[in-house]
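K.L.:
What follows is a structure written as structure tokens; I'll ask about it next.
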Amino acid sequence: MTRAFEDEDVTHVEGEVNPVRDMEIIFEELRLKDVEYIDGRLQDLEKKVIRGGDKAMKPELATLQKIHGILTEDKKPIRFCDWSGAEIEILNKHLLLTSKPMIYLINLSEKDFLRKKNKWLVKMKEWIDANDPGAPIIPFSGVFELKIFEMEEEEREAYIKEKNAPSVLPKIITTGFKALNLQYFFTTGKDEVRAWTIQKGMKAPQAAGRVHGDFEKGFIMAEVMAYADFKELGSEAAVKSGGKYRQQGRNYIVEDGDIILFKANTAAGLTDKKKK
């Protein structure tokens, strides 16, 4: 998040507001933090592989050496590079900062947000297009969001209608979920409805494991209805009578917004000692 407005009551660590410069600083600091981490890991791996003869660690050493070259010679985030499946498995162990997708939040004054104008917006978009092409850019106003958050519901709705400017927080949340490759599914009971967060592409048994580990081990099937169908038809019974209530096996890939009833043999998750 970068600030793109002047305010005498809010000082800036660099002395003046310049969001393009701030993005350059953040970009560089993230790269240097990854370099610092990789330097430490390389020292450890070189001892094990080169001096200790640990052949099993050779692929990881080679991958980290490649990462080090990208960060120090090319000086670019590692998310911009092509990686093999084996390299991705190694990358996922280290959770490097420059491997993560970026979302650029531009904090505007309320005045600039409402009139949809700011002297920095074009310059910032040009910098992002040149340095992180395709990354999401979301202008918003922290002052505006705080103001409407503190209002009563009726007052909030009237103010939003008057200014023709809804809250941007839902967009920030959904964009963050998309960038992180996340989605929801729902489970229901007599007393509550629960939303569970999972990675896109997760199969039904693994999703069941988010609810309870024994559900994954003893997975039998998932009874599924899409949220859109439930909303349109109005009830579970109507979804069933409409032929849109489905039974899915262990290869089913959970869709965003699925409402799921898992069926499992929970005894399969017990140890032999517990069964006795």
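K.L.:
Applying the Karplus parametrisation 6.51 cos²θ - 1.76 cosθ + 1.60 with θ = phi - 60° to the phi angles of the range 237-242, what ³J(HN,Hα) value in whole Hz is obtained for each residue in order, glycine and proline being reported as x?
P.N.:
Karplus values, whole Hz, x for Gly and Pro: 4, 5, 5, 5, 5, x.
K.L.:
Now for a separate question. Tell me the net charge near K100. Cut-off is 13 Å between Cβ atoms, K100 excluded, with +1 for each Lys or Arg and -1 for each Asp or Glu.
P.N.:
In short, +1.
K.L.:
Here's a follow-up. Show the residues, 5+ positions off or on another chain, whose built amide H is closer than 5 Å to the amide H of A264.
P.N.:
For A264, whose amide H was placed from the backbone, the distant partners under 5 Å are I220.
K.L.:
What is the pair-distance distribution P(r) of the chain, computed from all Cα-Cα distances in 10 Å bins starting at 0, with each bin given as a whole percent?
P.N.:
Over the chain, the share of Cα pairs per 10 Å bin runs 5, 18, 21, 23, 21, 9, 2, 0 percent.
K.L.:
I want the local charge near L61. Using Cβ-Cβ distances under 14 Å, sum +1 for each Lys or Arg and -1 for each Asp or Glu among the other residues.
P.N.:
+2
K.L.:
OK, next. Quick one: Karplus J couplings for the range 258-267, per residue in order, coefficients 6.51, -1.76, 1.60, θ = phi - 60°, nearest Hz, x for Gly and Pro?
P.N.:
Whole-Hz 3J(HN,Hα) from phi for the range 258-267: 4, 9, 10, 10, 8, 10, 8, 8, 5, 5.
K.L.:
So which lysines can K263 reach, going by Cα to Cα under 24 Å and dropping same-chain residues fewer than 8 places off?
P.N.:
K190, K200, K203, K217, K231, K240, K244, K273, K274, K275, K276
K.L.:
Within 12 Å, Cβ to Cβ, of G249, how many net charges do the neighbouring residues add up to if Lys/Arg are +1 and Asp/Glu are -1?
P.N.:
+3
K.L.:
Turning to a different aspect of this structure: Report ³J(HN,Hα) in whole Hz for each residue of the range 185-197, in order, from the Karplus equation J = 6.51 cos²θ - 1.76 cosθ + 1.60 where θ = phi - 60°; Gly and Pro get x.
P.N.:
9, 10, 10, 10, x, 5, 9, 7, 10, 10, 9, 10, 9
K.L.:
Taking the Cα centre of the range 1-72 as the origin, how large is its charge dipole in debye, to the nearest 20, when only Lys and Arg (+1) and Asp and Glu (-1) carry charge on their Cβ atoms?
P.N.:
The calculated dipole for the range 1-72 is roughly 1100 debye.
K.L.:
Going Cα to Cα from K116, which lysines come in below 24 Å? Please leave out same-chain ones fewer than 8 positions away.
P.N.:
K116 reaches K125, K147, K161, K163, K171.
K.L.:
Treating only the Cβ atoms of Lys and Arg (+1) and Asp and Glu (-1) as charged, compute the dipole magnitude of the chain about its Cα centre; round to the nearest 20 debye.
P.N.:
1580 debye
K.L.:
Answer rounded, prolate or oblate for the range 84-141, using the Cα gyration tensor with square roots of eigenvalues a ≥ b ≥ c: rounded when a/c is under 1.5, else prolate when a/b is larger than b/c, else oblate.
P.N.:
Taking the square roots of the gyration eigenvalues as a ≥ b ≥ c, the range 84-141 is prolate.
K.L.:
Suppose all protein chains stay in the model; what accessible area per residue would a 1.4 Å probe give for the chain, in Å²?
P.N.:
64 Å²
K.L.:
Let me ask something additional. Long-range amide H contacts for D258: which residues qualify at under 5 Å (H placed 1.01 Å from N, peptide plane, sequence gap of 5 or more or a different chain)?
P.N.:
Long-range HN contacts for D258: F186, Y227.
K.L.:
Another question about this same structure. Taking only C-alpha pairs under 8 Å that are 6+ residues apart, what is the relative contact order of the chain in percent?
P.N.:
14 percent
K.L.:
Positive end of the dipole of the range 160-258, charges at C-beta (+1 Lys, Arg; -1 Asp, Glu), about the Cα centre: which of I220, G176, T187 has its Cα farthest in that direction?
P.N.:
Of the options given, the answer is G176.
K.L.:
Calculate what fraction, in whole %, of the accessible area of the range 18-57 sits on carbon and sulfur atoms when a 1.4 Å probe is rolled over the protein chains.
P.N.:
It is 53 percent, rounded to a whole number.
K.L.:
At a 1.4 Å probe, what is the % contribution of carbon and sulfur to the accessible area of the range 107-210?
P.N.:
Taking all protein chains in place, the range 107-210 shows 55 percent carbon and sulfur surface.
K.L.:
May I pose another question? Near the amide H of S141, under 5 Å away, which other amide H atoms are found, from residues 5 or more places off or on another chain, if H is placed in the peptide plane?
P.N.:
Residues meeting the amide H criterion: L108.
The values are calculated or read from the model by the stated rules, or taken from the named source; none is laboratory data. All of these numbers come straight from a predicted model, not from anything done at the bench. We place every Cβ from the backbone using ideal geometry, glycine too, and count neighbours over all the protein chains shown. Surface accessibility is based on the protein's heavy atoms, side chains included, excluding ligands, DNA and RNA. Shrake-Rupley method; radii C 1.70, N 1.55, O 1.52, S 1.80 Å.
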